[in-house]
Amino acid sequence: MTKQPEDWLDDVPGDDIEDEDDEIIWVSKSEIKRDAEELKHLGVELVKLGKNALDKIPLDADLRAAIELAQRIKMEGRRRQLQLIGKMLRQRDVDPIRQALDKLKNRHNQQVVVFHKLEQLRDRMVDGNDEAIEEVINLWPDADRQQLRSLVRNARKEKAGNKPPKSSRQIFQYLRELAENEA
């Protein structure tokens, strides 16, 4: 009995083995473009950073040089340099860079929150809440109670006389120093 052409396909060696590991993942062209655009935006964020902030982000020498060049360039050249930075980022692992950038942003947000709390504490002291002074003493035992009371008294006089809030600023500075020395 001769095999029919359809039966030849059944005898292909290794055909009965299913390779699940060899699945091909298809990525659409639009998704590739979105990823590239996202990396370009990451590059823009890196270019906006200052020198000290860039030092805290893990960048290799080529990428660092490209970012510093983009910071100096204006107009059309800057756009092309940002595209180059985006292309360079596609060839690198960007997770450590994103984590360091998020850490920088979060530190700034935490600092803003601390400053708002200190401003609220200062405002409560100036508005006549003597419990706020005790709260400061409880938070920072090494705070000078006499100096704080003197500053609060002067700030209240300035507020009553519609004078510039010099003592209020000094209170805030003093509270900020206490908070920084604690950390």
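The values are calculated or read from the model by the stated rules, or taken from the named source; none is laboratory data. Predicted model only: the values in this text are computed from it and were never measured. Ideal geometry is used to build each Cβ from the backbone, glycine not excepted, and the neighbour counts take in all protein chains shown. For the accessible areas, the whole protein counts, side chains as well, though only heavy atoms, and no ligand, DNA or RNA atoms are used. Shrake-Rupley method; radii C 1.70, N 1.55, O 1.52, S 1.80 Å.
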Among the residues of segment 139-162, the number that are over 16 Å from Q173 (Cα atoms) and in a loop (DSSP other than H, G, I, E, B) is 3
Go through K105, K163 for me and flag whichever is over 25 Å from the mean Cα position of the chain (by Cα), of a type outside the set (S, T, Y) and open to solvent by 90 Å² or more (accessible area, probe 1.4 Å).
K163
Take the conditions within 28 Å of the chain's Cα centre (by Cα), among the basic types (K, R) and under 30 Å from A53 (Cβ atoms) and apply them to R176. Does it pass?
yes
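Evaluate the following for N154: is it on the phi < 0 side of the Ramachandran plot and in contact with a helix residue (DSSP H, G or I) (Cβ under 9 Å, 6 or more places away or on another chain)?
Working: on the phi < 0 side of the Ramachandran plot: yes; in contact with a helix residue (DSSP H, G or I) (Cβ under 9 Å, 6 or more places away or on another chain): yes.
For N154, the condition - on the phi < 0 side of the Ramachandran plot and in contact with a helix residue (DSSP H, G or I) (Cβ under 9 Å, 6 or more places away or on another chain) - is met.
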Under 8 Å between Cβ atoms, which residue pairs at least 6 apart in sequence (or on different chains) link something in segment 150-166 that is without any contact (Cβ under 8 Å) to a residue 60 or more places away in the chain with a partner that is of a type in the set (G, A, S) and surrounded by fewer than 12 Cβ atoms within 10 Å (Cβ to Cβ)?
R156/G128
Restricting to segment 65-78, what's the tally of residues that are under 23 Å from the mean Cα position of the chain (by Cα) and open to solvent by 100 Å² or more (accessible area, probe 1.4 Å)?
1
Given the criteria open to solvent by 50 Å² or more (accessible area, probe 1.4 Å), touching a helix residue (DSSP H, G or I) at 6+ places or on another chain (Cβ under 9 Å) and either among the small types (G, A, S) or closer than 30 Å to E68 by Cβ (or both), does Q147 qualify?
no
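Please work out if L101 is of a type in the set (A, V, I, L, M, F, W, C), out of contact with any Cys (no Cβ under 7 Å at 6 or more places or on another chain) and modelled with pLDDT under 90.
Considered against the rule, which asks whether it is of a type in the set (A, V, I, L, M, F, W, C), out of contact with any Cys (no Cβ under 7 Å at 6 or more places or on another chain) and modelled with pLDDT under 90, L101 comes out as yes.
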So, first residue open to solvent by 70 Å² or more (accessible area, probe 1.4 Å) in segment 169-183, second residue among the hydrophobic types (A, V, I, L, M, F, W, C) and part of a helix (DSSP H, G or I), Cβ within less than 7 Å, six or more apart or across chains; the pairs are Q170/L151; R176/L118
Restricting the search to segment 42-58, which residues are in contact (Cβ under 8 Å) with a residue 24 or more places away in the chain and either of a type in the set (V, I, T) or more than 10 Å from L89 (Cβ to Cβ) (or both)?
V44, E45, V47, L49, A53, K56, I57, P58
